[in-house]
Amino acid sequence: MASRNQNKPPSSPSHSKYRAEDVSVDKRRRIGNTRLPLNTGTRIHTRQALSTVNGGHDIPPVSGPPGNSGSDCGVIEFTKEDVEALVNEKLKIKNKFNHKEKSEQMADCIKRLKQCIKWFQQLEGNYVKEQENLKNLLEVAEKKCNDIESLMKAKEDELNSIIVELRKNLEALQEKFAKEEQDKLEALDSSAREKDCRLAAERLQASLSEELKRTKEDNASANQKIQTLNDMYKRLQEYNTSLQQYNSKLQSDLHATNETLKRVEKEKTAVVENLSTLRGHYTSLQEQLTSSRALQDEAMKQKEALGSEVTCLRGDLQQARDDRDRQLLQVQTLSTEVVKYKECTGKSIAELDGLTVKTNELESTCLSQSEQIRRLQEKLAFAEKKLQLSDKSAIETRSEFEEQKTSILELQSRLAEAELKIVEGEKLRKKLHNTILELKGNIRVFCRVRPLLSDDGAGNDTKVVSFPTSMESQGRAIDLTQNGQKLSFTFDKVFVPDASQVDVFVEISQLVQSALDGYKVCIFAYGQTGSGKTYTMMGKPGLSDQKGLIPRSLEQVFETRQILQAQGWKYDMQVSMLEIYNETIRDLLAPNKSGFDASRAENAAKQYVIKHDSNGNTHVSDLTIVDVRSSKEVSYLLDRAAQSRSVGKTQMNEQSSRSHFVFTLRIMGFNESTDQQVQGVLNLIDLAGSERLSKSGSTGDRLKETQAINKSLSSLSDVIFALAKKEEHVPYRNSKLTYLLQPCLGGDSKTLMFVNVSPDPSSVGESLCSLRFAARVNACEIGVPRRQTNLKSSSDSRLSIG
Ligand SMILES: Nc1ncnc2c1ncn2[C@@H]1O[C@H](COP(=O)(O)OP(=O)(O)OP(=O)(O)O)[C@@H](O)[C@H]1O
């Protein structure tokens, strides 16, 4: 229809025709049941035909020429049959009406038909013209149709391809649909499951809600806690800062203290020297004083003798004076009597002569007595002079004595002062030493290289061990050369092969002293078989200058105990010794009733369970603990233990220790004057030698021993590595050795490790392993040593080893 309108000719008749067609089509639709066949044969005017059909009633009269009829006019093609049918219809209708009316109507109808025919003819002319136009149009349309057809074909092809594609899509969609159906089923399934889950989830949600509620409450309290923790954190931060400041101050203090320590050490040496000279001076003064005292005593005796002599003389003199005075009085009375007699009585000359003789006698007696008095006076004067002299010498002696006394007192006070200074210096040194160790907070490591022995790889002159001589590393560094590569290690101290046992002991004596001060001390020797561990710890039996650390430490402990007694300290000492052989503890001091084997059997029956108490003390059940009072007693016990130890011959060592030897001295001190109590422990350990199975040449029991030794030493290194890495779990329980040493390795004790190294070039690999392990140990922080003081001795202290 749209395309027709597009091709519509511009003339009005054609325009009306198209409209008539429209109407006819519309009419046909309206006729409904009375469907009329439309053929291209006879053409009849539509209105006529319609009027015939409707009996001429409902057809409106034609007004004006058909061409001007506007919307009422139209052309429709009727076939002959259609017209006949109409005529028949007309006849039928004719019969229905009466004749007159019918004839009038007929006339009218004929009239109108005539008009119609006229109009129809006009239309026919128009129609021919229109037909030509239409022909042209048809051609154009055909052309266009062809174009459209080709276009359509193309479109069809395109559509076909689209259809194919769509089919494919459809198939895919169908597949997809099937899949989705399946998915849907699955989804339904899962939805059912989800429903269950949802129910469960709802239940869970309910419980979770409750939990959430609780958690919220917890959260609130946690928030509060966080708040307080934050506050605490802040405070801790502040505390940390202050600690850091304190630490830096301590570091500077430490530096200053080190300086002071050195100065104090120097002062101490000077004071000790001074003290010894003072002591010499004091002794000579004491001698002088004794001789002066003897002299004084003699002078006093002389003085006393002279005094008594003077008193005697004075008595004699007094007597002589009294005699003289009496005789003078007698002479005087006699003289007056003579004068009286001469004057008054006139006696005979003989009597007078007798009297004169008597008087003369008396006078001569007087004279002699005067002479005696004079002599006595002279004697007295001499005696008094002598007395004065002796008084003088006595005063001199006394002043000398006083002088000496004051100088002695002065010396004594200086001596006391010097001794006090020594005690204070010692205290300060001890404190500084402990502070240094506490600040260091790690296991200290000393390295000792033994001399080359005749048994070592003969004929090999290459030196694998050397010692750097630079200022900063002297005495602290060691270089090991392996395959031409030099590897350097630094430790707290390195002992060269020439170092004597005394040199080594001097370096650890302070540590031993700490045990008496109430610290736990642990010294252990680690190294390859035959590297000198036993030599370092025990020394060579029978040779006093080659005594090892254990006997020397004990001597020092007992000597110091003696010295500290003067300060009010009393010490009780207990010793225990054990060995760990093939992961089994053996009591080396177990009473040996019926021979060594019996003791071993008895030993084996005991449990020897290791336990640590809250004070960090280690207890081994059933272990023999012996009270000791002197180093001799301990030496005896050491000899006894040495006989019980498991030793054997290996390719590396003639007398190889096949077990770990643990010597423990427990020290309990009490000061009566200060009421102070200390508990120290000295653990001295000679570890079994590490060795490669291949190198040790072990077989049978030896192989088993070596495997057990290596296992426990590797446990020791695991513990050290865990400590070095500050891991949360430290595998102390992996071996008896590490569990026994737990307080020493990870606790609060002062620990020192000797790494013994052999200079034998054939042992360079083992030496390198030992040095690497020792370096790791040196870097390992184990906490701050704690002094055990003011503690009441535990009831079970006899079973404690550390
Ligand atoms: N510093 C030293 N001076 C002299 N001789 C030494 C020294 N160190 C070790 N020795 C000697 O080396 C040998 C092996 O020493 P020692 O038995 O102490 O080794 P070890 O490490 O204890 O061996 P093991 O682990 O097999 O028991 C011994 O003969 C010892 O006397």
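So what's the net charge close to residue 242: Lys and Arg +1, Asp and Glu -1, counting the other residues with Cβ under 11 Å from its Cβ?
On the way: positive: 235, 249; negative: 238.
Summing Lys and Arg as +1 and Asp and Glu as -1 gives +1.
Separation of the alpha carbons by more than 22 angstrom is noted, of 611/736; 301/386; 431/533; 421/547; 266/431, for 431/533; 421/547.
Near residue 487, once Lys and Arg are set to +1 and Asp and Glu to -1 for all other residues with Cβ below 11 Å from its Cβ, the sum equals +1. Here the gap between residue 167 and residue 201, fully extended at 0.36 nm per residue and compared with their Cα-Cα distance, gives a gain of 7.7 nm.
Using packing as a proxy for protection, rank 249-255, 215-221, 739-745 so that the peptide with the highest average count of other Cβ atoms within 10 Å comes first.
With the highest mean Cβ count within 10 Å placed first, the list reads 739-745, 249-255, 215-221.
Among 658-668, 300-310, sorting by the average number of other beta carbon atoms lying within 10 angstrom of each residue, highest first, gives 658-668, 300-310.
Would the stretch 505-591 count as rounded, prolate or oblate if I go by the C-alpha gyration tensor, calling it rounded below 1.5 in a/c and otherwise prolate when a/b exceeds b/c, oblate otherwise? It is prolate, given that a/c is not under 1.5 and a/b is the larger ratio.
Coordinate-derived values only; no laboratory data. Quantities reported herein were computed from a predicted structural model and do not represent experimental measurements. Backbone-built Cβ (ideal geometry, glycine too); neighbour counts: all protein chains shown.
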